[in-house]
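Data first, discussion second: the structure below is written as structure tokens.
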Amino acid sequence: MELPAWRIPDALGELDRAGDRGVLRELIADFRQDTEARLDRMDAALQRHDAAALKSEAHSLRGSAGQMGAVGFAALCLEIEGSAAEMNWPTQEEFMARARAMFAAVVRAMSAA
């Protein structure tokens with residue numbers, strides 16, 4: 001079963017239902033900005049073949065993605081995190097390409113909300 005790109009978490013949905021749309025939009029904007037920076041750092045770690053940095057960034061990104069309702073993206077970050085120590089760089093490049101594509105889908109879904 002394929003997970004949706006994004007589903008608004010219950011806690012964020014409560015903000016939305018309470019009419020606090022501005023806070024929700026701010027959280028989404030912060031998530032997007034932070035995720036773009038983390039993906040850039042993950043790409044840099046991949047280019048340096050720095051497994052520890054790649055694992056650390058993937059771990060942080062997994063947590064924030066899960067909290068924001070991007071559960072499929074969080075699951076992919078877990079894969080990256082778990083496989084970083086193997087130092088199979090071609091596989092990590094594929095994971096990163098998937099992560100970028102999946103994040104783009106998350107952004108589209110968030111923008112439609």
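The values are calculated or read from the model by the stated rules, or taken from the named source; none is laboratory data. Computed from a predicted model, the values in this text were never measured in an experiment. Every residue, glycine as well, gets a Cβ built from its backbone with ideal geometry; the counts of neighbours run over all protein chains shown.
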Per the list (1) surrounded by fewer than 20 Cβ atoms within 10 Å (Cβ to Cβ); (2) touching a Ser or Thr at 6+ places or on another chain (Cβ under 9 Å), residue check on PHE73 breaks on (1)
Answer yes or no: is there a residue in segment 93-112 that is surrounded by 18 or more Cβ atoms within 10 Å (Cβ to Cβ) and polar (S, T, N, Q). no
Selection from segment 7-38 of residues modelled with pLDDT of 90 or more and touching an Asp or Glu at 6+ places or on another chain (Cβ under 7 Å) yields ARG38
Reported set for segment 44-61 where residues are more than 22 Å from LEU12 (Cα to Cα) and crowded, with 17+ Cβ neighbours inside 10 Å is ALA45, LEU46, ASP50, ALA51, LEU54, LYS55, SER56, GLU57, ALA58
Answer yes or no as to whether ALA58 is touching a Gly at 6+ places or on another chain (Cβ under 7 Å) and either farther than 22 Å from ALA104 by Cα or at pLDDT 95 or above (or both). no
inquiry  = With the structure loaded, tell me whether SER64 is over 27 Å from SER111 (Cα atoms) and surrounded by 13 or more Cβ atoms within 10 Å (Cβ to Cβ) or whether it fails that test.
reply    = no
